[in-house]
Every structure is written in structure tokens, then in C-alpha cells.
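The values are calculated or read from the model by the stated rules, or taken from the named source; none is laboratory data. Worth saying up front: this structure is predicted, and the values here are computed from it rather than measured. Cβ sites come from the backbone with ideal geometry, for glycine too, and all protein chains shown count toward neighbours.
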Amino acid sequence: MNMAIRVFLLVLIIFSSICPALCIYEDQVGHMDWHQQYIGKVKHAVFHTQKAARKRVIVSTEENVVASLDLRRGEIFWRHVLGPNDVIDAIDIALGKYVITLSSGGTILRSWNLPDGQMMWESILSGATPSNSLLSIPANLKIGKDDVVFVYGSGCLYAVASIDGEVIWKKELTSEGGNIQQLIYPDGTDIIYAVVLVGLAQFDAYQINVKTGELLKHSSMVFPAGFSGDLSFITSDIAVTLDTTGSVLVAVHFQGGAISFHQTHVSELDRDFSGAAVMLPTKLPGMFALEINKSIVFIKVTNEGKLEVVDTFGRSTAVTESLYLSEGQQAFGLVQQGDGEIILTVKRGDDWKSNLLQETIQMDYQRGIAHKVFVNTYARTDRSNGFRVLIVMEDHSLFLLQQGEIVWSREDGLASVTDVIASELPVEKDGVSVAKVEHNLFEWLKGHLLKLKGTLMIATPDDIAAIQKMRLQSSEKSKMTRDHNGFRKLLIVLTRAGKLFALHTGDGRIMWSLLLDSLRKSETCQNPRGLSLHQWQDPHHHVLDENPSVLVVGRCDHSTDSPGVLSIVDTYTGQERNRMGPAHSITRVIPLPFTDSVEQRLHLLLDVNLQARLYPRTTEALDIFLRELGNIYWYSADVDKGILKGHAVQKNCILEIADSYCFNTRDLWSIVLPSESEKIIATVTRDLNEAVHTQAKVTSDQEVMYKYISKNLLFLATVSPKAVGPTGSVTPEESWLVVYVIDTVTGRILHHMTHHGSQGPVQAVFSENWVVYHYFNLKAHRYEMSVIEIYDQSRLDNKDILKLLLGKHNLTSPITAYSRPEVITKSQSYFFTHSVKTLAVTSTAKGITSKQLLLGTIGDQVLALDKRFLDPRRTINPTQAEKEEGIIPLTDSLPIIPQSYVTHALKVEGLRGITTVPAKLESTTLVFAYGVDLFFTRLAPSRTYDSLTEDFSYALLLITIVGLVIAIFVTWVWSEKKELQEKWR
Amino acid sequence: MRTGYSSSLKFLFLSILLGNISLFISNSFAFQSDELLADDEEFGIEGGRSPDAAFPTRTVSSPPSIRKRSSDLGSDLDSKIQFPLEHAFGDSDFAPAGSFSARLKTWSHGGQTLTKLRFSRNGLSETEKENFKKLLEGDDFYRIRVPSNVLSPPGREYIISSVKARCLPRDGLDEHFMIHMEGVNILAVNYGSPGSCPYPRQFKIPAKWSFKSHTVLKNSEQAPRTPVFTEEVVGENAEGELPPPERSFWAKYWMYLIPLGLIVMNAITQAMNMAEEPGNGQPGAQTQQAVAGAQRGQTAAVRRR
């Protein structure tokens, strides 16, 4: 036996030496998290291919990103995300080595170093009158020694030195902030022409001395019928536009300062013309494009000033700007939409009939139509001109086409995620084995031997690399079926382009994508956009053979009264099951806590007329709804008026066509905030799906506190009207922040508290019985976070164990909003260093695990902060008993522990939201942070107390057990032998 | 949305009811009840926007002394104001139901607050009783409203509040107002019964058609200030934390002690075995092979020889 004990001890020592994984080690990065970088929908692209070893394209996007992409593979060389209000107006390349960006309405000019993206200089070009902006970089123009960049913004024209951003001269052109149309600089002259439209009827042409900015000549002419908008420049002295009716073409000649208008009726060009034509923004040599009767008409301007229709294309045609070829000719590209393919044509500017290039490329239907095209030329091996084309599709994806093939593609629609919902993967069935058969036994053993070496720290660097590779490749995490721990899920994301993506949580790959037809631009729906995603059907009990589905809610325009669209999409297959609309407007979607027999969740959709409509439209759903009619309440907040209202369903609405699924609503309560002292800046409610494990909280002195847990609580924050502006715009005396906790069924104010000298923006998160919010304290000049916890006093007399045993307690008595709650609130505030973009809280399957707050910091990282730091019961010197309970001594500021950055060294650029999804394993929660980048990881706020770590070596355990068994046998045999010997002695 | 459950403990319900009745049994007026806000404004913080006040008083006798004290302080700017309460049955139009009267107190820093709120309710007319019965039968809402500004009613909009009519009847009709004020603006009125009102609400016609009203005024609280520690306190705090809690020897080293104990025990048993083996061998053999009989023992003896 002693031998066995010795072996046991040895094993014990080995086990105790294995470091339990408490936080992430360097080699674990990327093991259970993934990070994807995007740039967004490309607005402008400038190719940089001449004389460059690394061919690249500089792009600016609608997410305010300026990036340099590898033209060979589409990877990001460098990228900068400008602020959300710093919209990029134009980009260009100066001196062949600087990227110049003009942003914020032509007021900020920046220069970035082309190879590495470092900022070289920044100039603030302030002006009084807002106007559109323009950036122009003449090829060979020097003022003194400096190369110049011309910038028009805020009604002023600037000449800026491109080497250091110094303003050489500034000329105010209009005081009314006219919109500049074009800057024309004829090569080798000293004059620059600026063409400005003031208002919608006045055409101004300026001649300005390039060297000094002196105004040489100003001619102006009013066109009484008015222009409809943009001008198309045909040559350096002819521009074409439409009048306000959209039916007359106006050619403007402005040669030498004399302006003259020539009008041509559109019907002279197109006999079938009716309605209004639209000028398309094109820069083509000697011609322009009009959209007439849903088709695009190219019209050439002949030398005599006559207009001639050249060709007509379908509406979904995209045109590039013209491109100078080496021989001084110009070319441009055209992309037409075919059926599941796109047709790319490159034509010469002076010769419409012949094509330089015509290619047909297969393109997935889910990409939609081409929105933007950029063309670039290169010299082929046979010294002819080759063309490569960058295409931005309807779903915001980016493609590079060359030689009739897709060289690379980027899914940049994912940079504009608007909503996320998690969906389960299918269950692994017996017949369908998705998992690959494990290699052979030898490989399996070898793998485990490597892992063993890794754990015993005797692995060579090569081995470690092999282990790492094995980990990343382990098919376990990227399988297409549900796993035992619930780590594998699908993240269904809705993007601004109206496309749904299903991302696998294992490695972030796209399982399917669907461009929703209901969210595409159409006749009935001019400007559609997706609003939100809701779980429509989540089968888990008796209808397991049904696929889960999500409800996509959209709206046809920006205003709330525009018609809404609905789609139901199967999350396994990515097929659209059902589609409704455009129908009534949608202001709010309320998922009801009821499901029908196929587990379709009932939803109540509210419109602007305060009518509620029930979905799904089945009689079964209607029956369920009518049964629960009296227990359905909701609230609405009118932010502009400062009024909160509570509503309930009344009876069927009176419509022209009877609709039994439509209900009128009535107001039950209202809260009117005094408009002179309060303005709503934040409303936060609890997550309806949140699980709460226990209502009671046992304190250190054996007292029980009952959490006031209600799904109908609303956190409301208001500030004084003066304090709505940015931080620092008000004095502490005239700024205050008022917070409310309101029951939304009865309109009761449960808590009402004023923070004097504080200001927004307020970020808040509501969970269980507490709310945490973040704001700015003007008096202390610091950010603060506060916590409010709400406890139920009416249950306090349930402490008596005897009463509990005898059943004389009110724990099982129904909770009703109509009884007057006796609640007490506890509150505490702390300083916090960071400003916060977004706040979230971890959620686990049963709500047992302690919570962590997830803060999206201003540095686009996600910081996890234990809820224990935000506990209003913290005191400066907690008693021994309180310490044992886990109460941290009170400090005035919250700690930022560098190890608790969930995103470790990575950044989720342009962070907008954090979503947490509970895994099946109680200790673990899945975190998905989205912005321009996507980031996903798994978190265990109380460590994985309910599972072994993934790199746990089962082989080692097996070997140990086998060894132990052998040792037992050996020692048994030995002791038998010994005993025998003893006996024979 | 509201969740309601179907069972209630009558014991508790009754006790609450009894408590309510006993509290207000002295109320001689049928549908009039007075509520006063205790005058704690004297202790209000100068510069504070709105002093805390949440004092439901239910007696009529206390006011005189308080009033004296407040008049001593010379708040001449106080003026009396009234604002109406209106009610509606289900979706009917609002009709006057009573009125609140209060003193308006003007502060030196310009703020105005209400004190000494009194409420008098009109009696229910026959048609109103009929309407109320209909509400009880249909489990519908009884709604009330007050103006949002007491100086210039109705202010921007009316403050509406409502309750299921079945929640109100006890012995008479019990109602409870909690009025949240912000200066002279009413933010919200929490209206309901003083007790609980669990979901399958029982249909019950009140014995007396008169209201027992309780009113409470409530103002905003001040948020607790963020604690700012001076260096000293932090130092003390750190010092206080410095000596780590002393753990017992066993708590610290149990993981070494257990194996050590095992080894020692093992060694002892071994040593004992060694010591006893010479003497022990035979009896052990004997007991083991008692069945074998003496014959074997003899052979052993023979062999030993």
C-alpha cells in the first residue's frame, strides 16, 4: 500500500503544479475570441499604382474611415477611423506620398503619410457660412516653392501648401455660402476658375489669381426658372444642369467671364419623356448622364453645343469617373447588371461605339446591384492598357475585378451592424454526422502527446507552434451543430445595407447572408432601412423539427410615420419565409411573453396613430392575445415634449377595412416633466430575457434583503435644458441630472434623485434590481458612475424560518403592480476615469454567476468591471463579516485593472454596441462587440467553476489513472509476495 | 406588461386591511381626509433646489403648532392655492371629483414649493355610483387627472393616473395619492389603493360609497455625494488593511500536513508490522488457516526444527 501512496503523492504534486488558467495567457489569444476588421461602404477611392512597389488603393468610407488597402489581396495596410461627426468629404493624393482628406464639411484638412498612415499635418479651415466642400489638387502647380492644394469650404477658397498644411491664401467667395460646383485650373496658366451656385438660381463664375488669391473677375447671372441642383461639367467652359421642373436642360457657357444659358427641353431628346429627369453626378468627357423614365440616358454635347443621345441603359448601371490614359485619351467604365452576373465595359471617351474592354463576371445575387465603380489602368505585358475595377455593391461589399475575375472581395457591410440577435445551431442528429471523423489513432495520440509536452513545459518552440495551430484548427469550435456547453451559436446581424448575416461564434465566419428584398430600394419603398431584429420563433420543446426564425423590422423612410416592412427569416437556411408590407408605420415592436403552438412569439407593433397590431396574424394568436388582453401594458416616451405615457390595449380599431388584429390603445398614466427644468436624455429598461436566480440577498449579519425584481421598470435620466450641449458648455450651477426609476404599468415613481452639477451624456444599464449609470460631474471635473439598488420591504417579514416552514409567508403570493410597493433604494457614486461609449452587463443562463459590467471605453476597447465595485453597501471600513461576504472597502474611484480588458490588446474601432448572450454553461457568457470592427469572446465572470479548461489534458489524466491502476497491481503483487516470504521465513 | 398570479394569502391581506381600517377609523368625515406635509423646510439646505419631503401625516390635530412655527419664520410670501382633481370612469370624459388646497411657499432663492396639502373629495352622485359599479363589473380602469402646473392649470398637459376599479373597494373606497412635485410642477401622481391588489381581482361592492383618501407629497431627493477621500483617510485605510488576516497554522499548511500525516501513519504501521512480525506470524497463520487443522501446524513446527 505504501507504494500506492507514494504514486498518489507524485500525481498530486504533478496536478498541483499545473497552473489553473485564471486569465488569458498570450497564447490563448484568438483561441476563444475573434476579431474582424472592416472599413465600411466605400465612398471615394484613389488608386496609387504608379512607381510603387506595393500597389494600393486609398479609400474613404461612410463609416468615416480612411484606409489604405493592398490592391493584390484587399488587406488593410493602415486605417484611421475619424469621429462619428467627422464626415469625410474628399480624399486625394498629393506629391505622390501624402493622402489628403477633407472632412467635417470642408473645415478639417489632414495629410497622412502614404506608406504607414501617420498623420503629417492637420489644418483647421474655419469659415462662417456652411456650404458644400471641394478638394482639388492640381498636378503641376507651385506657388513659390510649395505645391498647393485647393480647398473650398464654408464659402471660402483656400490655397494650402501640401507639404506642411500652411494656408497660403484665403479668398471668401460668397457670403451666403454658395455651393461650389467645380474648380477648373487650366494647366500652365495663372488663373483658377471657380464655379459656384448661390441659392438655386444664381450662377457665379470667378477668376482668381493662383499665386495671390486675388479676384480677377467675377461674373454672375441669375437663371429665373431655377436650377434643380448639381451641374455636370462637359468641358472646361460648358456645364449642363436641369431647371427646377426637371424637364428642361440648361447648358451654361461661361467662357471668358461671359455667361450664357441655352435651354433644351428634355422631350426633344426623348419622345416618351414625362415627369422629371434627374441629373446623375458624372465626370465624363464631353457627355453627361440623365435618369429619365427609370433608365439612364447618356447625352453627348457636340462641339457646336448640340445635345445628342448616345445610349440608354437600365437603371442599375454604375459609371466611373473618366480616367486619363497614357496617350492623353480618356476612358471610363460602365457596370451593368445582368442576371447573377455583372457586365463590365470600359469605353474610350471620344469613341462610344468601340469598347476597350468588355467582361462578364459572375456575381452572387445576394450582393445586389453595383453602387459605385472606380477604374484604374495598368500596362499589360504586351504594353496595351489593362483595367482593374473596384466595385462597391448594394450590400456595401467591395470587389476588385481584373481580367474578368474577382481578385478579392471584402464584406464591408459588416462595418455597419445595426442589430444583433443570437440563434441556436441545429442539434446534431444521429444520421447526420457533421463532425469529421477524427484522423487516425496515431495522430490523435501524437496530438495529445504534444499537449502533454506543452503542459509539462518541455515543448520546443516548434511544438508550441504546432499546438497553437492544432488549437485554432480544432474543428470542435467551428462545427455546425449545437454543443453541450452552448458556446456555438449563430449571431444574426442586420446591417445598414439591409443585409442579414449569420456569423458562427466559433470563428466568426459567415454561414449565410441574405439581402432582404423588403429592405431594398423599390418603387413603393424609396429609402428603406432596417430597424431591429426580434426572435420570432425559438423552438425548443415540442416543435424541435421547426427551424428557428427571426423577425426583421424595417421602415421605408427616416420619418417615423413612413410605412414599415416586416420579414421573417429562417436562421438555419437563411431563406426568407414570409414578407409583409410596406404597410402601417412602426414606432415600436413589443415582444409579448406568449407563444403559440408552434412557438411563434406574439408581437405587438405600434404605429404613429397609437394603434397596436398583433402578429402573427393567426386566429390562435388572437385567442391567446384576447385572453391576456387585460395584462398588457407598455409605455412611450416623447423625448421632445418630455412626457411619458402608459398605455394599454382597448378594443379593436375602427378602420375602413375591418381588422380583428388591430387594436386601439388608451392612456393609463402620464408623467409630465417640466420643460423649463428637465429634458429626457436616456431611457433604459431591463432585458426581458434576463434570468434572475434568487430574489433574496443574504447579508453578512444573517439578514435577508429582497430584491425588487420587476420586468416593468424604467430608468429615466433627464438634464436641465442648458446641459444638453457638450461637456463644458454650462456651469455646474445651472446643470443638474435627475434620475428616475419608474414602474411602467402604473406610472409610479419608485425613486427620484437629483445630481446637482452633473451633466450627460448618460449611459446606463438596468439588470435585476439595480441600475448603473455613467455621467459627468462638472463640480469634480470627472466622470462618475452611480448605482441604484432597489429592495422590496414588503417581504422583509419573511425571515422567520418557522413561518417559512409553516407556509405563512408571502413569497408565493402573486406580485402585482397595483399594490403600493414598499421599496427602499440604496445608492452610491464613484469616480471613473474613462468616458464610456456604451454599457452592457454579462448575462448567464440561470443568473447564478456574479455579474460584470462591460464598458465600451472611448478608446474602443471593452473593459470588464465587477459589479461588486458598484455595490451601495460598500463602506470605508467593512466589518469582518462584510468582508467575508465580499464587500470591497469603499474607494472614491473605480479601479481600472489592465488585465480586465476583454478585448486585450485589440481595438473594436468605432465601437457602437455590446451584446451579451448566455451560454448553456452557467459560468460563461458570450460577448459580441460591434462597431466598424467586430469582436467576439467568451467571458466567465466568476471563472469557469463548472468545467475543466479546454486545454485540460485528458491523456495525462488517463495515463495517470492507468499508471495508478498498474501501480496498485504491482504493489499488490509485491506485498503478496512479501507476505508470502514472511510466512515462509 | 404585468404578471399576475392567482393565489393570495388571505391572512396577510386581512391583516393589511385591518391595519388600514384601524388607522383611519377616527376619520369622521366620509369623503374628506386631510394630509399635511410636515414643515421640515426650515431645515432645508440653503441653495438646495428642492428639499426632501415625504411625510404622510394622517392626523388633523398636529397642524396648529407647525403653522405657528412657520409663521414665526415670517414666510409672508405664502399664499393659498387650489387645484382640481378630475376623474373618469373607463373611457368617459373627465369630471370634477374634488380639489387639493395647499400653501405655496416662496423661497428666498426664488424657488417655490407646496406645503400643507389638503384634499377634499366631492361625494359620488348616483350616476357616478352606477358608473363605478359598471367599472367593478368590467374590471376596468378608474382614472384621475390633475393639472401639471398648480399655478397655471392645467399647465402643459394633465397628469393622468389610473387604477383598476376593483382595487379600491375595502370597507369604503380607499385611495392613496402620492404626488411627485418639482417646484410648482406636478411630475406624476401615483394613484392606487393603499394595500395590495393581486391579479384575479375579486368583484366586491363597497359597503360605503365614500372615499378614504391619503395623500403624500414627495420631492426629489439629493443624490449622495461621491466620497472624496483625503490622503490621510486613504493612508489610514491602507494601514488598516496592511496586516493580513492571520490564518491558523492548519489553514495555511493543511495540504502539506495531510500527506505528511499519511506518510507518518504509513511508517508507523510499517514499523509496527516489522516489530510484531516475529511474534505475530504464527498466530496470523493459524487464524487464517484454522480450517487446515493442526496437521499443517505440525509440519511448520517440523520445518522449524
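I need the full set of residues from the range A:295-322 which are farther than 20 Å from A:VAL335 by Cβ and assigned to a loop (DSSP other than H, G, I, E, B), in order please.
Correct list: A:THR302, A:ASN303, A:GLU304, A:GLY305, A:LYS306.
Which residues, taken from the range A:258-291, are assigned to a strand (DSSP E or B) and out of contact with any Leu (no Cβ under 8 Å at 6 or more places or on another chain)?
Answer for the range A:258-291, where residues must be assigned to a strand (DSSP E or B) and out of contact with any Leu (no Cβ under 8 Å at 6 or more places or on another chain): A:SER260, A:PHE261, A:HIS262, A:PRO281, A:THR282, A:LYS283, A:LEU284, A:MET287.
So A:LEU911 clears everything in (1) surrounded by 18 or more Cβ atoms within 10 Å (Cβ to Cβ); (2) not in a loop (DSSP other than H, G, I, E, B) except one condition, right? Which one?
All conditions are met except number (2).
How many residues are in a loop (DSSP other than H, G, I, E, B) and over 23 Å from A:LEU173 (Cα atoms) if we restrict to the range A:98-129?
5
Over 23 Å from B:PHE89 (Cβ atoms), in contact (Cβ under 8 Å) with a residue 40 or more places away in the chain and assigned to a loop (DSSP other than H, G, I, E, B): which single residue out of A:SER660, A:SER675, A:SER636 fits that description?
That would be A:SER675, the only listed residue that is over 23 Å from B:PHE89 (Cβ atoms), in contact (Cβ under 8 Å) with a residue 40 or more places away in the chain and assigned to a loop (DSSP other than H, G, I, E, B).
Counting just the residues of the range B:131-147 that are within 23 Å of B:THR215 (Cα to Cα) and more than 28 Å from the chain's Cα centre (by Cα), which one comes out nearest to the other protein chains (Cβ to nearest Cβ)?
Here the answer is B:PRO147.
Conditions: (1) more than 30 Å from B:LEU135 (Cα to Cα); (2) crowded, with 18+ Cβ neighbours inside 10 Å; (3) within 14 Å of another protein chain (Cβ to nearest Cβ). A:PRO616 meets all but one. Number of the miss?
(3)
Would you mind finding the one in B:PRO169, B:PRO153 that is more than 7 Å from chain A (Cβ to nearest Cβ), farther than 24 Å from B:ALA207 by Cβ and touching a Pro at 6+ places or on another chain (Cβ under 8 Å)?
On inspection, the qualifying residue turns out to be B:PRO153.
Please determine, by comparing only the residues of the range A:735-750 that are within 11 Å of chain B (Cβ to nearest Cβ) and farther than 24 Å from B:TYR158 by Cβ, which one is surrounded by the most Cβ atoms within 10 Å (Cβ to Cβ).
By that ranking, first place goes to A:LEU737.
Which one is surrounded by the most Cβ atoms within 10 Å (Cβ to Cβ), of the residues in the range A:710-730 that are within 14 Å of chain B (Cβ to nearest Cβ), within 20 Å of A:ALA780 (Cα to Cα) and polar (S, T, N, Q)?
Ranking the candidates gives A:THR718 first.
What number of residues within the range A:70-81 are under 21 Å from A:GLY96 (Cα atoms), in contact (Cβ under 8 Å) with a residue 60 or more places away in the chain and not in a loop (DSSP other than H, G, I, E, B)?
The total comes to 1.
How many residues does the range A:312-328 hold that are out of contact with any Phe, Trp or Tyr (no Cβ under 9 Å at 6 or more places or on another chain) and at pLDDT 80 or above?
Here the count works out to 1.
For the range A:569-600, how many residues meet the condition of being assigned to a strand (DSSP E or B) and under 22 Å from A:ARG482 (Cα atoms)?
Final tally of qualifying residues: 3.
Pick out the one residue from A:THR595, A:THR587 that is under 27 Å from the mean Cα position of the chain (by Cα), among the β-branched types (Val, Ile, Thr) and either away from chain B (no Cβ under 14 Å) or surrounded by 17 or more Cβ atoms within 10 Å (Cβ to Cβ) (or both).
A:THR587
Counting residues that are touching a residue at least 60 places away in the same chain (Cβ under 8 Å) and under 23 Å from B:LEU217 (Cα atoms), which strands (runs of 3 or more DSSP E) fully inside the range B:74-174 reach at least 2?
Strands (runs of 3 or more DSSP E) meeting the threshold: B:79-89, B:95-106, B:112-121, B:141-147.
Just give me the residues in the range A:664-686 being touching a Ser or Thr at 6+ places or on another chain (Cβ under 7 Å) and more than 11 Å from every other protein chain (Cβ to nearest Cβ), in sequence order.
Passing the criteria: A:LYS679, A:ILE680, A:ILE681, A:ARG686.
Quick check: anything in the range A:418-426 surrounded by fewer than 16 Cβ atoms within 10 Å (Cβ to Cβ) and touching a residue at least 24 places away in the same chain (Cβ under 8 Å)?
No, there is no match, as no residue in the range A:418-426 is surrounded by fewer than 16 Cβ atoms within 10 Å (Cβ to Cβ) and touching a residue at least 24 places away in the same chain (Cβ under 8 Å).
Name the residues in the range A:775-793 that are within 13 Å of chain B (Cβ to nearest Cβ) and in a strand (DSSP E or B), would you?
Those that are within 13 Å of chain B (Cβ to nearest Cβ) and in a strand (DSSP E or B): A:TYR775, A:PHE776, A:ASN777, A:ARG782, A:TYR783, A:GLU784, A:MET785, A:SER786, A:VAL787, A:ILE788, A:GLU789, A:ASP792.
Taking the condition of a type in the set (A, V, I, L, M, F, W, C), buried (at least 19 other Cβ atoms within 10 Å of the Cβ) and either at pLDDT 95 or above or farther than 30 Å from A:ARG496 by Cβ (or both), does A:ALA940 pass?
yes
Would you mind stating whether A:LEU964 is of a type outside the set (S, T, N, Q), touching a residue at least 12 places away in the same chain (Cβ under 8 Å), out of contact with any Leu (no Cβ under 9 Å at 6 or more places or on another chain) and more than 14 Å from chain B (Cβ to nearest Cβ)?
Against the criterion (of a type outside the set (S, T, N, Q), touching a residue at least 12 places away in the same chain (Cβ under 8 Å), out of contact with any Leu (no Cβ under 9 Å at 6 or more places or on another chain) and more than 14 Å from chain B (Cβ to nearest Cβ)), A:LEU964 qualifies.
Go through the range A:945-955 and give me each residue that's surrounded by fewer than 19 Cβ atoms within 10 Å (Cβ to Cβ) and not charged (D, E, K, R).
Residues satisfying the conditions are A:TYR945, A:SER947, A:LEU948, A:THR949, A:PHE952, A:TYR954, A:ALA955.
For the range A:520-530, state whether one or more residues are without any contact (Cβ under 8 Å) to a residue 12 or more places away in the chain, closer than 29 Å to A:SER597 by Cβ and loosely packed, with under 14 Cβ neighbours inside 10 Å.
There is no residue in the range A:520-530 that is without any contact (Cβ under 8 Å) to a residue 12 or more places away in the chain, closer than 29 Å to A:SER597 by Cβ and loosely packed, with under 14 Cβ neighbours inside 10 Å.
Which ones in the range A:844-868 are buried (at least 24 other Cβ atoms within 10 Å of the Cβ), touching a strand residue (DSSP E or B) at 6+ places or on another chain (Cβ under 6 Å) and β-branched (Val, Ile, Thr)?
A:THR844, A:VAL862
If I ask for residues that are among the hydrophobic types (A, V, I, L, M, F, W, C) and more than 7 Å from chain A (Cβ to nearest Cβ), which ones from the range B:183-199 would you list?
Those that are among the hydrophobic types (A, V, I, L, M, F, W, C) and more than 7 Å from chain A (Cβ to nearest Cβ): B:VAL184, B:ILE186, B:VAL189.
Every residue in the range A:499-519 that is assigned to a loop (DSSP other than H, G, I, E, B) and either crowded, with 19+ Cβ neighbours inside 10 Å or free of Cβ contacts under 8 Å to residues at least 24 places away in the same chain (or both), please.
Within the range A:499-519, A:THR505, A:GLY506, A:LEU516 qualify.
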